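Below: one structure, written as structure tokens.
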Amino acid sequence: MNTTTDLTRNPAERDETTRQDVVAALHGSWRGRLNDALGEPESFNLECEHRDHQVPGQVCLFTTPAGIVAGVRLLEAGERAFVALIGPYFDPVEGTMVVTVLEGICEPGQLSGAFHTQRYSWRDTLRRGQFTATRVEQISRAA
């Protein structure tokens with residue numbers, strides 16, 4: 001009969017700890033730029049509040065100067081890497097509901113990686129490219 005106890009953590013616990021580390025690293029205000037394959041840049045802001053999230057995976061608010069506002073959910077997280085889903089939101093250029101996926105790396109004070117945008121509930125990619133973002137002082141929500 002084996003009477004020893006294995007004190008190693010459950011893999012699910014490790015994943016949740018890693019996820020919380022990335023959520024904590026993403027916390028704050030970010031100002032960034034999406035650069036698509038055609039060379040069309042678009043500015044964006046991410047506002048990630050540090051709090052107990054009542055909605056699992058809801059970590060940020062994505063906004064653009066064109067008036068796009070959408071929630072962001074963290075889909076996957078590693079030590080530094082993350083995959084986040086923005087939307088769905090209405091894209092006035094495409095004239096339809098879309099989602100954007102960010103696949104990036106979180107470094108101190110900087111985010112970078114690739115993105116792709118597709119119609120909501122479709123597989124066709126409408127836009128793809130690279131993104132970068134830099135941590136900034138809290139973005140004012142005043143009108």
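Since every read-out is calculated from the coordinates, none of them should be taken as a lab result. Predicted model only: the values in this text are computed from it and were never measured. For neighbour counting, all protein chains shown are included, and Cβ atoms are generated from backbone atoms with ideal geometry for every residue, glycine included.
Side notes on the structure shown:
- Whether the range 80-143 is rounded, prolate or oblate, judged on the alpha carbon gyration tensor where a/c under 1.5 counts as rounded: oblate
- Each of L34, L46 has some number of other Cβ atoms within 10 Å of its Cβ, and from fewest to most they run L34, L46.
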